2 protein chains.
Amino acid sequence: MRLLLGSGGFRTDERVALLAAQMRDHFGDVAKILFVPYALADHDGYVQMMTERGLNAGYALDGIHTHADPAAAVERAEALYVGGGNTFRLVDELHRRDLLEPIRARVRAGMPYMGVSAGSNVACPTLKTTNDMPIVMPPSFETLGLVPFHNNPHYFCGTNFVKRDDDLHEHFGETRDDRLREFHEMNDTPVVGLWEGGILRVDAGRIRLIGAPARVFRRGHQPVDIDPPADLSAHLSAAAQGPGNAI
Amino acid sequence: MRLLLGSGGFRTDERVALLAAQMRDHFGDVAKILFVPYALADHDGYVQMMTERGLNAGYALDGIHTHADPAAAVERAEALYVGGGNTFRLVDELHRRDLLEPIRARVRAGMPYMGVSAGSNVACPTLKTTNDMPIVMPPSFETLGLVPFHNNPHYFCGTNFVKRDDDLHEHFGETRDDRLREFHEMNDTPVVGLWEGGILRVDAGRIRLIGAPARVFRRGHQPVDIDPPADLSAHLSAAAQGPGNAI
């Protein structure tokens, strides 16, 4: 399987250029990429925005929403790109249109997959490490399960700061690490907290970290910070799952 | 019905003092308060922490988890306080223990209710405006529906800033306003974005805002910023629901 998973936050020229270079390496000379815009409400606008911002890396994006039979479009696609937005809305659409199994089958057979932010969450076993607001209840939290770990896109460490009366104030909601610790109170799967601008390339058993650091969370272990470039596969294999005794 | 709904972020002496004063006014001379700690994993530790931090306002907190029959404990309680933590875990427990209907019946009959953060989310019709990570899938997103609006606790406006290499950097994930706009792409219920330290007192048809500002979001309308003290009932009534034509 070949997957390119992006954290999100590709908002600087440098980050967009890195992502585009990775996309060209990942997708090669395909004529067009089937694009899944379901995570946003405005599907046509989403496809247009991707091209305007250079996030298509020069490829023609074929919006899946323009196909009367989206599953058939998946069957015929050379490559697939699932865009970010609201993960719950995306997962709801994938379930209701019965697209999970067709996508799994094609990616397992070698079709290159790309997902950014919510699109990276759905490559994982469930949506349980999304940062998004649950604006709709999908039939299930199950997602594609193409990789044996969870991604937490837009990862950051520590408290965050918000503007109030033009001053920055510490925000007292749970930190991202608090949230992922709570995830591991109820789940075993390892999680990659991927800083904005970061990319995971999954290919031939390797899980390469590119562009930004990551923090790997495993149940029962202290989190581990890793700088790019690195191969995360030893941290994220099935053997890395389950309660440990490090803490 | 009488409800006290807190945003969260009661981490400064001033905020704790305000909350305690509001609690004493709200609960009066009840002997003890039934406390629901299901949003955190460590129930005993949660009750102990509440008292250590002065968040009990001098009241004895009776942990519902110490009762073999939690529904019977609700039936007998003089007052109820639902603590914050992970909203999905809290809602999952409330459904699995069949506690929604007993709590609704008692609060509608006059038992004072208090909820902070996740505990304020569950007073609303659904959990769809929580900020929490979906670490477990509850049987339904339905919550108590004691009020006809949604609360978004720990509200903040604009982008936030995170530390990276000791410098503050803008974070490019969706802003809170982005998330609530997406909520209103799929739902009609008005939402109160309640800044940290803020409190809503619901009593006799009034919805008083205390301690911090709020931003009210209605589908099809521009958000409205409101400073305390204020009565939000005109903004949040059933008549305020549904698409408008202001934008």
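In table form, for the structure just shown:
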| read-out | value |
| --- | --- |
| Residue B:182 being at pLDDT below 95 and either outside any helix (DSSP H, G or I) or crowded, with 17+ Cβ neighbours inside 10 Å (or both) | no |
| Condition met for residue B:171 (over 19 Å from residue B:128 (Cα atoms), within 12 Å of another protein chain (Cβ to nearest Cβ) and more than 15 Å from the chain's Cα centre (by Cα)) | yes |
| Every residue from segment B:17-71 that is exposed (fewer than 13 other Cβ atoms within 10 Å of the Cβ), more than 24 Å from residue B:203 (Cβ to Cβ) and hydrophobic (A, V, I, L, M, F, W, C) | B:68 |
| Meets criteria (of a type in the set (A, V, I, L, M, F, W, C) and within 19 Å of the chain's Cα centre (by Cα)) for residue A:156 | yes |
| The listed residue being in contact with a helix residue (DSSP H, G or I) (Cβ under 8 Å, 6 or more places away or on another chain), within 14 Å of another protein chain (Cβ to nearest Cβ) and assigned to a strand (DSSP E or B), out of B:139, B:134, B:153 | B:153 |
| Test set (1) at pLDDT below 95; (2) surrounded by fewer than 17 Cβ atoms within 10 Å (Cβ to Cβ) - residue A:9 fails condition number | (2) |
| Test: residue in segment B:65-77 that is assigned to a helix (DSSP H, G or I), of a type in the set (Lys, Arg) and within 14 Å of chain A (Cβ to nearest Cβ) | no |
| Residue within segment B:74-82 that is of a type outside the set (S, T, N, Q), under 14 Å from residue B:121 (Cβ atoms) and buried (at least 16 other Cβ atoms within 10 Å of the Cβ) present | yes |
| Counted residues, segment A:185-209 - those being surrounded by 16 or more Cβ atoms within 10 Å (Cβ to Cβ) and closer than 13 Å to residue A:150 by Cβ | 9 |
| Enumeration of residues in segment A:154-174 that are surrounded by fewer than 21 Cβ atoms within 10 Å (Cβ to Cβ) and among the hydrophobic types (A, V, I, L, M, F, W, C) | A:157, A:161, A:168, A:172 |
| Residues of segment A:99-127 classified as under 17 Å from residue A:149 (Cα atoms) and in contact with a Phe, Trp or Tyr (Cβ under 6 Å, 6 or more places away or on another chain), total | 4 |
| Selected residue (criterion: nearest to residue B:10 (Cα to Cα)) from residues of segment B:41-64 that are touching a residue at least 24 places away in the same chain (Cβ under 8 Å) and outside any loop (DSSP other than H, G, I, E, B) | B:50 |
| In segment A:15-37, the residues that are farther than 19 Å from residue A:208 by Cα, touching a residue at least 40 places away in the same chain (Cβ under 8 Å) and among the charged types (D, E, K, R) | A:32 |
| Single residue of A:89, A:96 found to be basic (Lys, Arg) and in contact with an Asp or Glu (Cβ under 8 Å, 6 or more places away or on another chain) | A:89 |
| Qualifying residue in segment A:195-214 (condition: within 26 Å of residue B:154 (Cα to Cα) and more than 10 Å from every other protein chain (Cβ to nearest Cβ)) | no |
| Qualifying position, being charged (D, E, K, R) and either in contact with a strand residue (DSSP E or B) (Cβ under 7 Å, 6 or more places away or on another chain) or under 22 Å from residue B:108 (Cβ atoms) (or both), among B:11, B:76, B:53, B:24 | B:76 |
| Qualifying position, being touching a Cys at 6+ places or on another chain (Cβ under 6 Å) and either crowded, with 17+ Cβ neighbours inside 10 Å or not charged (D, E, K, R) (or both), among A:151, A:131 | A:151 |
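The values are calculated or read from the model by the stated rules, or taken from the named source; none is laboratory data. Everything quoted here is computed from the prediction, not taken from an experiment. Heads up, the Cβs are rebuilt from the backbone with ideal geometry, glycines too, and the neighbour counts pull from every protein chain shown.
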